[in-house]
Amino acid sequence: MVKSVQAHVSGQVQGVGFRYYAVHVANELGVVGAVRNTPDGGVEANAEGEEGVLSQFVSALERGPHTAHVDSVTTAWGEPVGGYSGFTAV
């Protein structure tokens with residue numbers, strides 16, 4: 001079943017290549033959406049895809065790249081809205 005997930009990642013996740021890591025993982029998994037830095041020093045990813053694949057994506061966000069230190073990931077699951085043609089960093 002196709003779902004959407006909004007994930008907010010906190011920790012040392014800006015300036016360490018986290019968004020590009022998220023893009024790489026999303027492209028490998030076939031997830032569409034976008035990732036961006038947030039004013040609070042975190043990273044927010046909005047993704048759409050099959051629920052099981054999105055769970056794998058969130059697990060990858062929880063690990064992060066070796067240059068990052070992830071403190072927590074909070075998620076909000078919902079219905080997909082569409083409009084994405086790939087996965088991008090903004």
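Extension gain, Glu79-Asn27: 0.36 nm per intervening residue step, less the Cα-Cα distance, totals 16.7 nm. Per residue, the solvent-accessible area of the chain (1.4 Å probe, heavy atoms of protein chains only, all protein chains present) comes to 52 Å². Out of the total accessible area of the chain (probe 1.4 Å, heavy atoms of protein only), what percent is carbon and sulfur? Accessible surface attributable to carbon and sulfur in the chain totals 51 percent. Computed packing ranks the peptides 60-73, 11-24 as 11-24, 60-73, most packed first, by mean other Cβ atoms within 10 Å. Residue-wise HN-Hα couplings along the stretch 70-78, as the Karplus relation 6.51 cos²θ - 1.76 cosθ + 1.60 with θ = phi - 60° gives them from phi, are 8, 8, 7, 10, 9, 10, 10, 9, x Hz; Gly and Pro carry x. Simple point charges give the picture: +1 on the Cβ of Lys and Arg, -1 on the Cβ of Asp and Glu, and for the chain a dipole about the Cα centre of about 200 debye. Karplus-based coupling profile of the stretch 54-64, in residue order and whole Hz: 5, 4, 5, 4, 4, 4, 5, 5, 5, 7, x, with θ = phi - 60° in 6.51 cos²θ - 1.76 cosθ + 1.60 and x standing for Gly or Pro. Remark: C-alpha extents of the stretch 2-89 on the principal axes read 30, 22, 21 Å, sorted largest to smallest. Backbone amide hydrogens, once placed in the peptide plane, bring Ser4 within less than 5 Å of Gly78, Glu79, excluding anything fewer than 5 places away on its chain.
The values are calculated or read from the model by the stated rules, or taken from the named source; none is laboratory data. Remember, it's a predicted structure, so these values are computed and weren't measured experimentally. When we count neighbours, we look across all protein chains shown, and the Cβ atoms used for this are built from the backbone with ideal geometry, even at glycine. Note: accessible area is taken over every heavy atom of the protein model, side chains too, but ligands, DNA and RNA are not part of it. Shrake-Rupley method; radii C 1.70, N 1.55, O 1.52, S 1.80 Å.
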